[in-house]
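Report on one structure; see the data block that follows.
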There are 4 protein chains.
Amino acid sequence: MALAMNRDELSQYLKEVFPQVHKDFVVEDLTEDSITMRLVVQDQHLRPGGTVSGPSMFGLADVSVYAMVLARKGRQSLAVTTNSSFDFLRKPEGGADMIAACRLLKLGKTLAVGDVLLYSEGSDLPVARATMTYSLPPAGSAAANFG
Amino acid sequence: MALAMNRDELSQYLKEVFPQVHKDFVVEDLTEDSITMRLVVQDQHLRPGGTVSGPSMFGLADVSVYAMVLARKGRQSLAVTTNSSFDFLRKPEGGADMIAACRLLKLGKTLAVGDVLLYSEGSDLPVARATMTYSLPPAGSAAANFG
Amino acid sequence: MALAMNRDELSQYLKEVFPQVHKDFVVEDLTEDSITMRLVVQDQHLRPGGTVSGPSMFGLADVSVYAMVLARKGRQSLAVTTNSSFDFLRKPEGGADMIAACRLLKLGKTLAVGDVLLYSEGSDLPVARATMTYSLPPAGSAAANFG
Amino acid sequence: MALAMNRDELSQYLKEVFPQVHKDFVVEDLTEDSITMRLVVQDQHLRPGGTVSGPSMFGLADVSVYAMVLARKGRQSLAVTTNSSFDFLRKPEGGADMIAACRLLKLGKTLAVGDVLLYSEGSDLPVARATMTYSLPPAGSAAANFG
């Protein structure tokens, strides 16, 4: 149940593998079965009307669960998302960063499942709820696959 | 944010509207934004192999969110389920009751959303995660509808 | 891409593995990547108000995708449902059988995905849409698992 | 059941409301209950490894169902996404456009539901399946809401 990477190692690794977007995402907190991540909201994350776009929220939830899996499984992990469900609950604030609070519900041999509540920073009411399932490569495999 | 029914009133009401199955479900705890319910697992809830069946877990999650909405909106509520997502995480114990821990994430004018973790009693690891969305009848309407 | 069981073999096998409920479900049609199944609607499938219950619809969608996987993978398959999403669209007719039209979208090494439209017999408008993901046991494994 | 906008009117309207991204999306075909849309895949839609990113696929599915609702309800529609489910089935081709084939399953007073198969152009096997639910503003209302 131990972490394979701590918060600093995880942040460094995300920087390496997502060079284009690593500045968008910040690891705020990390435990053995939870992670909190921040989306630094910028113009490209907004949609007409000035709220955070659906694809940006999808990206944040997806990265959060992926980072959680990496923190437990280590750098070699080549997990791919196989399923996602999303409930959009309230209008996000366009002028606030978005915070993802993720719980790891399962880390099995071939599947990992995490769920996420998304908040506009400074609000207690979630703007969205998401679940992400990742397919994990078999031990010894060098390649990601979709199961 | 107050409850329209307390735990006893809610239990009594479920007995009236679900005469066939009310003995299957017990309201264990109720707050303004959460409910804990028990499925008293019996033979008809099991599938071959002796674990709790998918339809039984679906029913428990669905009743839990419905009961939460009733507790807040009151007896006249004619909510219908419009969406459900389910992640089955682990094998349930066939010989244990199933406990649903439900959070109310949103109670709007036309939609209510709750999510649920399901546990085999005595275990800390969830066997499933579910979200249910209910469509609420417009104020003054006498009939349930699917939106 | 060939079927491992034809319609008669599949029907016979469902009878063996689901002795309690096999009379509820009829395989109406089977191709290499689709199956049509009928739920013979009886009192136990109804909920107050006389419509088909959510758990009954869940069960029909789940059995349909499972039967499709069996038809392709053969009797030894020990697949378990790991994910489900459901959209309830319209009120089903309580007095009509329910028909599930299932497409197999993916049959991988470890995951199979099928989606389903549910109809009240005699109507062209779907009452629900569902997707089911099954985790398949690794080749040579004797036991079902949740990934 | 008639369309409120034909394909040209819809394309023109998407150009007005999505000035930043309208060149990414092309309406290929439109009927009363289906739409085919193309994502013109460019660098910003890719993720490391050269395949189309999850957020880009989410965006395409979301725009497709939104465009379908607009085509039926007309320009005044202020629908917002309330729910999404996604199954990622295969690795998309990074060098091919992505095609979304969307069916409108329901267009009610307050909710619309469409499902979508996503393909890399030139392939018959779907890379993903998605469902999107939109909350529609009540007749006479000037504002979008989350229900």
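Figure legend. Inter-residue proximity from segment D:19-30: first residues among the acidic types (Asp, Glu), second residues open to solvent by less than 70 Å² (accessible area, probe 1.4 Å) and not in a strand (DSSP E or B), beta-carbon distance below 6 Å, spacing 6+ or different chains. Indicated pairs: D:24/D:40. For residue D:59, state whether it is more than 14 Å from chain B (Cβ to nearest Cβ) and on the phi > 0 side of the Ramachandran plot. No: the conditions fail for residue D:59.
Of the strands (runs of 3 or more DSSP E) lying entirely inside segment B:2-90, those carrying at least 3 residues that are open to solvent by less than 10 Å² (accessible area, probe 1.4 Å) are B:34-39, B:80-88. When residue C:52 is tested against (1) free of Cβ contacts under 8 Å to residues at least 24 places away in the same chain; (2) under 19 Å from residue B:83 (Cα atoms), just one condition goes unmet, and that condition is (1).
With respect to the stated conditions, residue B:108 is within 14 Å of chain D (Cβ to nearest Cβ), open to solvent by less than 30 Å² (accessible area, probe 1.4 Å) and touching a residue at least 24 places away in the same chain (Cβ under 8 Å). Checking each residue in segment C:74-93 for being free of Cβ contacts under 8 Å to residues at least 60 places away in the same chain and not polar (S, T, N, Q) picks out C:86, C:87, C:88, C:89, C:90, C:91, C:92, C:93. Among all residues of segment C:119-134, there is none that is part of a loop (DSSP other than H, G, I, E, B), open to solvent by 10 Å² or more (accessible area, probe 1.4 Å) and closer than 16 Å to residue A:83 by Cα. If you check residue B:56 against the conditions, is it at pLDDT 95 or above and out of contact with any Gly (no Cβ under 8 Å at 6 or more places or on another chain)? In short, yes.
Evaluating residue D:46 against the criteria (1) within 13 Å of the chain's Cα centre (by Cα); (2) among the aliphatic types (A, V, I, L, M); (3) within 11 Å of chain A (Cβ to nearest Cβ) leaves one unmet condition, (1). Among residues that are at pLDDT 95 or above, under 18 Å from the mean Cα position of the chain (by Cα) and within 13 Å of another protein chain (Cβ to nearest Cβ), residue A:118 is included. Of all residues in segment D:84-99, one or more are hydrophobic (A, V, I, L, M, F, W, C) and within 14 Å of chain B (Cβ to nearest Cβ).
The values are calculated or read from the model by the stated rules, or taken from the named source; none is laboratory data. Small disclaimer: the values here were computed from a predicted structure and weren't measured. Positions of Cβ are generated from backbone atoms using ideal geometry, with glycine treated the same way; all protein chains shown enter the neighbour counts. Just so you know, the surface numbers come from the protein's heavy atoms only, side chains and all, with ligands and any DNA or RNA stripped out. Shrake-Rupley method; radii C 1.70, N 1.55, O 1.52, S 1.80 Å.
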